[in-house]
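A.B. asks: Take a look at the following structure, please.
The values are calculated or read from the model by the stated rules, or taken from the named source; none is laboratory data. Quick caveat: nothing in here was measured; it's all calculated off a predicted structure. Positions of Cβ are generated from backbone atoms using ideal geometry, with glycine treated the same way; all protein chains shown enter the neighbour counts.
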């Protein structure tokens with residue numbers, strides 16, 4: 001196992017960041033473990049998917065205790081994401097480490113730009129989804145949820161991002177979930193999606209199991225604590241800080257991979 005104290009520190013930092021922002025743990029775990037612990041990019045993404053199993057599962061259990069999970073109605077997204085995650089991991093296995101690292105860096109920078117301009121809670125995307133997704137039948141909702149789930153899963157498989165924010169929007173604006181139920185269910189589906197992606201990476205030998213457990217433990221503990229303070233933080237200030245952090249991590253990670 002890599003240095004357990006470094007792993008625990010990275011996990012705690014990941015949980016603090018994701019608890020405040022709602023972003024997938026991959027945005028923090030992948031750059032830090034590649035730079036500090038010298039994981040390969042495939043190992044970093046695979047191991048980060050373990051974090052996206054453990055931390056969201058801990059959060060979803062809290063929501064379950066309050067009756068705010070409806071996996072039966074959200075099952076179509078979960079099914080689509082499981083299939084998509086397997087496709088994504090298959091595609092990622094054919095991408096060279098340098099290419100995947102560069103793609104991940106670009107993804108982080110694009111995310112940083114969106115967060116800087118639109119904030120962490122992107123209402124404009126939500127409004128756009130309301131205009132696009134207008135359904136006349138239940139079958140249309142199910143098919144749309146299934147297709148969107150596959151897309152989220154593919155993204156998870158390739159870059160490790162659990163897609164929690166997108167899943168949340170699908171639950172609210174496609175399946176008409178109330179907010180609290182949507183948050184709890186989205187955390188559970190993200191955990192399921194990450195599990196599918198992690199299996200794909202694990203079968204290809206790209207997960208450090210013991211390291212992932214330590215990272216996930218730290219992230220779960222700190223994530224539950226920081227989430228309680230999320231609503232007390234000024235969104236505009238937090239958005240700028242997170243955007244800058246993502247850009248810095250992306251640049252450093254890319255430089256380290258190319259030198």
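A.B. asks: Somewhere in segment 125-141, is a residue buried (at least 17 other Cβ atoms within 10 Å of the Cβ), modelled with pLDDT of 60 or more and either at positive phi or assigned to a helix (DSSP H, G or I) (or both)?
C.D. replies: yes
A.B. asks: Which condition number does residue 39 fail, the rest of (1) in a helix (DSSP H, G or I); (2) farther than 18 Å from residue 187 by Cα being met?
C.D. replies: (1)
A.B. asks: If you don't mind, there's one more thing I want to ask. Which one of 84, 88, 74 is out of contact with any strand residue (DSSP E or B) (no Cβ under 6 Å at 6 or more places or on another chain), buried (at least 23 other Cβ atoms within 10 Å of the Cβ) and closer than 25 Å to residue 211 by Cα?
C.D. replies: Matching residue, one of 84, 88, 74: 88.
A.B. asks: Condition test on residue 200, is it more than 25 Å from residue 5 (Cα to Cα), part of a helix (DSSP H, G or I), at pLDDT 80 or above and touching a helix residue (DSSP H, G or I) at 6+ places or on another chain (Cβ under 9 Å)?
C.D. replies: yes
A.B. asks: Taking segment 63-81, which residues are part of a helix (DSSP H, G or I) and touching a helix residue (DSSP H, G or I) at 6+ places or on another chain (Cβ under 7 Å)?
C.D. replies: Listed by number, the residues that qualify are 63, 64, 76, 77, 78, 79, 80, 81.
A.B. asks: If you don't mind, there's one more thing I want to ask. Every residue in segment 1-36 that is assigned to a loop (DSSP other than H, G, I, E, B) and at pLDDT below 85, please.
C.D. replies: Hits for segment 1-36 are 1, 2, 22, 23, 24, 25.
A.B. asks: So residue 158 fits all but one of (1) surrounded by fewer than 22 Cβ atoms within 10 Å (Cβ to Cβ); (2) at pLDDT below 90; what number is the exception?
C.D. replies: Only one criterion in (1) surrounded by fewer than 22 Cβ atoms within 10 Å (Cβ to Cβ); (2) at pLDDT below 90 is unmet by residue 158, namely (1).
A.B. asks: Next question, about the same structure. Return the only residue of 183, 151, 172, 241 being closer than 29 Å to residue 91 by Cα and either in a helix (DSSP H, G or I) or modelled with pLDDT of 70 or more (or both).
C.D. replies: 151
A.B. asks: While we're on this one: Look at residue 163 and say whether it is in contact with a helix residue (DSSP H, G or I) (Cβ under 7 Å, 6 or more places away or on another chain), crowded, with 24+ Cβ neighbours inside 10 Å and at pLDDT below 75.
C.D. replies: So residue 163 passes the test.
A.B. asks: All but one of (1) more than 23 Å from residue 223 (Cα to Cα); (2) part of a helix (DSSP H, G or I); (3) at pLDDT below 85 hold for residue 95; state the number of the condition that does not hold.
C.D. replies: (2)
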